[in-house]
Structures are given as C-alpha cells and as structure tokens.
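Only one structure is covered here, and it is reproduced in the block below.
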Amino acid sequence: MTTQSYSKQHKERPDLGPCPKCAAAGYEARLRLYKGKTKGDNPRQYEFAACEMGKEACGYTQAAKNGKLIALTYCPDCQQALKPITKKDGSHALRCDNCDLWLLADKAFNIVEAPKCPECGADMAHRARKDHPDEYFWACFEHQEFRDSDKYGKHSPCQFSI
C-alpha cells in the first residue's frame, strides 16, 4: 500500500510530523495521533503517535501527551529509547525494556535525579506513604534519612530523620 492511500485513511488523525524511521529509509510517511481509553473498572485515557504506513510496513510509535510528541530520552546504561509511563496515581516514569530499568520522571518526562543520602552518599529511594498514598518522600532506609517530595520527585531541601 502506498503512502497516499494510507494518508487518505488517516486524514482525520492529527499530523505530528515526519516518521523518523521512514525518513531514514527515504520514505515520506507521517506520524498520526491515536487516542483511546483503557478497559476495566478504572479506565484511563491514553494517546500515542504511529506511522501512517502501518504496523507491518514500518511499526514506528512514539509516546504523546496533550496532542504533542514526548521527546525521546535514552537509557543511561544501553542507550535504547526509554518508554514513558504514566502511572495510576498520575506520576511519571521512564522504562528501558532492554535492561528492565525504571527511572522517575518529572511532568515533562525528564529523568529526575535522586537526592543523595547525607550519611552514606547513596541514591535515596522515592516512595508513596502507606497511610497517605497521595503523599511522597525520598528515603535512605539504612540510615533513616527522609525528605518530603511530590509525586514527580521534586523535594524540599530540608530533611527529617527518625
């Protein structure tokens, strides 16, 4: 099937620019916005961009939010593109399918650097409070060092210990 016939089928879907995979191969295919809703008791909305050439011909997809492409971020270990994830609580993460690495992300899906424990210098862990799941904190459980945070990992400079 040609790009022209795919274009006719997908005219109603917003154009998000050229498909990078097809452009590298010398084709002029475009990325189109797809929206949907998950099934189940607690449905959530999602959206992504896919090449108009289709899954069999190209198969390129990229995450989107609010009708715009989410910029690609690459794994610090293997350099593969990270998959943006929006969790049930609305927070963001980035996942590498190649090394099974999960990283906390901010509102714009940028990697959030973990604060260091003042006692041992290790990266602190980001967690939700058990008694208040909408409240978050950074922790070094070995040294009982904690910092308040929001769901995107932004923390205040002050800390508290137990």
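No value in this document is a laboratory result; all are computed from the given coordinates. Since this is a predicted model, take the numbers as computed values, not measurements. Positions of Cβ are generated from backbone atoms using ideal geometry, with glycine treated the same way; all protein chains shown enter the neighbour counts.
Worth pointing out:
- Amide N proximity, the stretch 12-48 versus Ala57 label position 7 Å along Cα-to-Cβ, cut-off under 18 Å: 12-34
- Contour minus Cα-Cα distance for Asp123 and Leu69 (0.36 nm per residue): 16.4 nm
- Label sites at Cys99 and Gln80, each approximated as a point 7 angstrom past Cα along Cα to Cβ, lie 1.1 nm apart.
- Label point distance in nm, Gln144-Lys130, each placed 7 Å from Cα along Cα→Cβ: 1.6 nm
- Most mobile of Pro18, Pro43, Pro115 in a GNM of the chain (Cα contacts under 10 Å): Pro43
- For the pair Arg13 and Asp89, the difference between a 0.36 nm per residue extended length and the Cα-Cα distance amounts to 24.5 nm.
- Of the residues Ala81, Trp102, Ala57, the one whose Cα sits farthest towards the positive end of the charge dipole of the chain is Ala57 (charges of +1 on Lys and Arg Cβ, -1 on Asp and Glu Cβ, taken about the Cα centre).
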